[in-house]
Amino acid sequence: MTDFDVLTHLLEARYSCRAFRPDPVPRADVEKIVAAARHAPSWCNAQPWQVTVTGPEATERFRVALRRAAENSSATPDLAWPETYPGVYGDRRRTCGWQLYEAVGVKKGDRAASAAQMMRNFDLFDAPHVALVSSPRALGGYGAMDTGGFVTAFTLAARALGVDSIAQAAVASYPDVARECFEIDADRMILCAISFGYADLDHPANSFRTARAEVADIMEWHP
C-alpha cells in the first residue's frame, strides 16, 4: 500500500462520530495525535493553533457547564457564523441533517425531537475527551484558516490510532464557558471543539456516512 493509499483510506474512514463509549484514550495516544497534527501547514509557519485537551473528569465538568449555558443563555461565538448557506451548500447541509435525523428516528416536523438531538452537541455526544481549539484574535481569518488545517490533521491522526472524533462549531457558541473552565486567554478566539474517544458503533447516530462532491464539482481545470 502506498502512502497515497494510506492517506486516502484515512480520509475516507474518518467521519463525524456522534456517540462515544466512556473508555478514555491513553494520554500517550492523545499526545501522539497532537504531535502529528502540529505538522499541519500554516501561513509563514505561524502555527497559530492552541489546543486545550480534557481528561474524563474535566470533560464532565465542562459538559455540565456547557449544557447549562446552552439551556439558559444566547450564543456569542468569537468567530461570526456564516450569514447563509446558499445553493448547493445549503443542500448539502440539509441532506446531512436529514441523514442524522433518519438514523436516530426524528420525524420531519418533530421540532422537539430535532431540538433534543441538536442539544446533544452540548453533551459532547458523551465523549470522554474534548479538545478546545483556539487561535490569536490578532491573526483574524488567516489564523482561523490555518487552524482549520490543524483540526483536519488532528482528526486524521486520531483515526489512524483507532480514535474517533467530531469537530464541533456548536461548542464554540459559548466561548466564555471554555474560558472560565480552562483559563483560556481572551486574546484567543475559540474556533471549535473536537470531541473524541472510541465510537459506540451500536448507536444509530453512527450508522450513516455523508456523501462527497465529485472532483468535477469542485475543481476547474485550465490547460
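The values are calculated or read from the model by the stated rules, or taken from the named source; none is laboratory data. Just so you know, these numbers come straight off a predicted model, no measurement behind them. Cβ atoms come from the backbone with ideal geometry, glycine included; neighbour counts cover every protein chain shown. Remember, those area values only see protein heavy atoms, side chains included, never the ligands or the DNA or RNA. Shrake-Rupley method; radii C 1.70, N 1.55, O 1.52, S 1.80 Å.
Working only within the range 176-197, note down all residues that are open to solvent by 20 Å² or more (accessible area, probe 1.4 Å), in contact (Cβ under 8 Å) with a residue 24 or more places away in the chain and more than 20 Å from ALA80 (Cα to Cα).
GLU180, CYS181, PHE182
Consider the range 105-116. How many of its residues are open to solvent by less than 90 Å² (accessible area, probe 1.4 Å) and either in a helix (DSSP H, G or I) or closer than 24 Å to ALA144 by Cα (or both)?
5
For every residue, the table says whether it meets (1) touching a Cys at 6+ places or on another chain (Cβ under 7 Å); (2) crowded, with 19+ Cβ neighbours inside 10 Å.
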residue: ALA169; (1), (2): yes, no
residue: TYR174; (1), (2): no, yes
residue: ALA199; (1), (2): yes, yes
residue: ASP202; (1), (2): no, no
residue: GLU214; (1), (2): no, no
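Please go through the range 91-104 and give me each residue that is more than 19 Å from the chain's Cα centre (by Cα) and either closer than 18 Å to VAL177 by Cα or open to solvent by less than 50 Å² (accessible area, probe 1.4 Å) (or both), ordered by number.
If the condition is that a residue be more than 19 Å from the chain's Cα centre (by Cα) and either closer than 18 Å to VAL177 by Cα or open to solvent by less than 50 Å² (accessible area, probe 1.4 Å) (or both), then ALA103, VAL104 are the ones that fit.
So which residues in the range 1-22 are closer than 16 Å to GLY197 by Cα and not in a helix (DSSP H, G or I)?
Residues of the range 1-22 that are closer than 16 Å to GLY197 by Cα, as a first pass: 13-22.
Within the range 1-22, ARG14, TYR15, SER16, CYS17, ARG18, ALA19, PHE20, ARG21, PRO22 qualify.
Look through VAL51, VAL25, VAL30, VAL34 and report the one residue that is part of a loop (DSSP other than H, G, I, E, B) and closer than 19 Å to VAL151 by Cα.
Values: VAL51 fails: part of a loop (DSSP other than H, G, I, E, B); VAL30 fails: part of a loop (DSSP other than H, G, I, E, B); VAL34 fails: part of a loop (DSSP other than H, G, I, E, B).
None of the others qualify; the one that does is VAL25.
Looking at the range 61-94 only, could you name the residues that are among the aliphatic types (A, V, I, L, M), closer than 25 Å to ALA127 by Cα and in contact with a helix residue (DSSP H, G or I) (Cβ under 9 Å, 6 or more places away or on another chain)?
Hits for the range 61-94 are ALA65, LEU66, ALA69, ALA70, ALA75, LEU79.
Keeping to the range 1-27, report how many residues are open to solvent by less than 60 Å² (accessible area, probe 1.4 Å) and over 23 Å from HIS203 (Cα atoms).
Number satisfying all stated conditions: 1.
Looking at the range 147-176 only, could you name the residues that are over 14 Å from VAL34 (Cα atoms) and either among the polar types (S, T, N, Q) or touching a helix residue (DSSP H, G or I) at 6+ places or on another chain (Cβ under 6 Å) (or both)?
Answer for the range 147-176, where residues must be over 14 Å from VAL34 (Cα atoms) and either among the polar types (S, T, N, Q) or touching a helix residue (DSSP H, G or I) at 6+ places or on another chain (Cβ under 6 Å) (or both): ALA167, GLN168, ALA170, SER173, TYR174.
Residue-by-condition table, conditions (1) touching a residue at least 12 places away in the same chain (Cβ under 8 Å); (2) within 16 Å of the chain's Cα centre (by Cα); (3) over 23 Å from ASN206 (Cα atoms):
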| residue | (1), (2), (3) |
| --- | --- |
| THR84 | no, no, yes |
| LYS107 | no, no, no |
| ASN121 | yes, yes, no |
| PRO128 | yes, yes, no |
| PRO136 | yes, no, yes |
| GLY140 | no, no, yes |
| GLY143 | yes, no, yes |
| ASP146 | yes, yes, yes |
| ALA158 | yes, yes, no |
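Just one of (1) open to solvent by 50 Å² or more (accessible area, probe 1.4 Å); (2) under 27 Å from TYR89 (Cα atoms); (3) outside any loop (DSSP other than H, G, I, E, B) trips up THR210, so point out which.
In the conditions (1) open to solvent by 50 Å² or more (accessible area, probe 1.4 Å); (2) under 27 Å from TYR89 (Cα atoms); (3) outside any loop (DSSP other than H, G, I, E, B), THR210 misses (3) alone.
Considering only the range 30-55, how many residues are surrounded by 15 or more Cβ atoms within 10 Å (Cβ to Cβ) and of a type outside the set (Lys, Arg)?
15
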